[in-house]
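Each remark here refers to the structure printed beneath this line.
Here, each number is a calculation from the coordinates, and none is a lab measurement. All values reported here derive from a predicted model rather than from experimental measurement. Positions of Cβ are backbone-derived with ideal geometry, glycine not excepted, and every protein chain shown enters the neighbour counts.
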Amino acid sequence: MARLPILMYHRVSRSPGKGLTISVDDLRQQLNYLRDNKYQTWHLSELMELDELPSGKHVVITFDDATEDHQELVAPLLTELQLKATFFVPLGHLGKTDSWNKGEVDILSADELRSLDQQLIELAHHSFAHQPFDQMEREEIWADLDQAIQTSVKGQLRLSPAIAYPYGKFPRTSPEFQNFKDILKDKGIKWGLRIGNRVNRFPFKDPYQIQRLDIKGEYSLGRFARKLRFGKFF
């Protein structure tokens, strides 16, 4: 089974990064590292068609929340370096702000998302309301996903059948977790991504517990490289 690290980014800034915000200069360094070390980047929809990965090094790059800086700073960088990435979209906030946080950051509109280069940038689900699934009842989860799908259709957005759980949260006890997976399957969502900070093996053991590596804004390039290789152990 091949190693498949999945990187999780959030905001990107022109100023020095910290926490969930990384500077565009540090992001450039990290993406250059991937390119220079011959990592092949993938869209999740491409991986869904595979039973195994070819030889070589592989990575999935993801950005949560579809904030304005993703269009302004991330998209041009991906184009320059010809790397693929997935943007997870909170569909109830299109063209609005990150009201689940401080409401100070603009979220891309459907028109802006459609303008992105689909050869390099894949869109996928990040719920409708951006609320933690582990604090929602079954009916609330169903309604949230239903609204998300309806909004994507109305906005003419083509989304990969994958979802990044807001805050990495999902029901973990039985039978709640099985009920949660049943809802996702019924809505046509094939893969669910959490945090976890471990490097995945592909094919995935559980497609609804795919782990991502959160990349912090204060990481040095060396720490980024170690986390890419080892996950949470460093």
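Working from Cα pairs under 8 Å separated by at least six residues, relative contact order for the chain is 24 percent.
Beta bridges per DSSP, both residues in the range 2-233: antiparallel share near 20 percent. The stretch between Lys102 and Ser115, if pulled fully straight at 0.36 nm per residue, gains 2.0 nm over its current Cα-Cα span.
The alpha-carbon positions of the range 128-234 define a convex hull whose volume is 132 Å³ per residue. Work out, in µm²/s and without decimals, the Stokes-Einstein translational diffusion coefficient of the range 69-174 at 37 °C, 0.692 mPa s, Rh from Kirkwood over C-alpha pairs. Answer, rounded: 226 µm²/s. DSSP bridge analysis restricted to the range 31-158 gives an antiparallel fraction near 15%, rounded to the nearest 5.
Counting only Cβ charges, +1 for Lys and Arg and -1 for Asp and Glu, the dipole size of the range 1-133 around its Cα centre is about 380 debye.
Using a ≥ b ≥ c from the Cα gyration tensor of the range 1-118 (square roots of the eigenvalues), is it rounded, prolate or oblate, where a/c under 1.5 gives rounded and otherwise the larger of a/b and b/c decides, a/b for prolate? Prolate, since a/c reaches 1.5 and a/b exceeds b/c. Overall dimensions of the range 2-233, expressed as equivalent-ellipsoid semi-axes from the Cα gyration tensor (√(5λ), whole Å, largest first), are 25, 21, 17.
Taking a straight line from the alpha carbon of Lys227, these aspartates and glutamates sit under 16 Å away, with near neighbours fewer than eight places off in the same chain left out: Asp26, Asp214, Glu218.
Please give the calculated 222 nm ellipticity per residue for the chain, where each DSSP H segment of at least 4 residues contributes -39500 (n - 2.57) and the sum is spread over every residue; nearest 500 deg cm²/dmol? Value at 222 nm, helices only: -8500 deg cm²/dmol. About its Cα centre, the chain has a charge dipole of approximately 1100 debye under the convention of +1 per Lys or Arg Cβ and -1 per Asp or Glu Cβ, with nothing else charged.
For Lys154, the lysines whose Cα comes closer than 30 Å to its Cα, not counting residues fewer than 8 places off in the same chain, are Lys84, Lys96, Lys102, Lys169, Lys181, Lys185, Lys187, Lys190.
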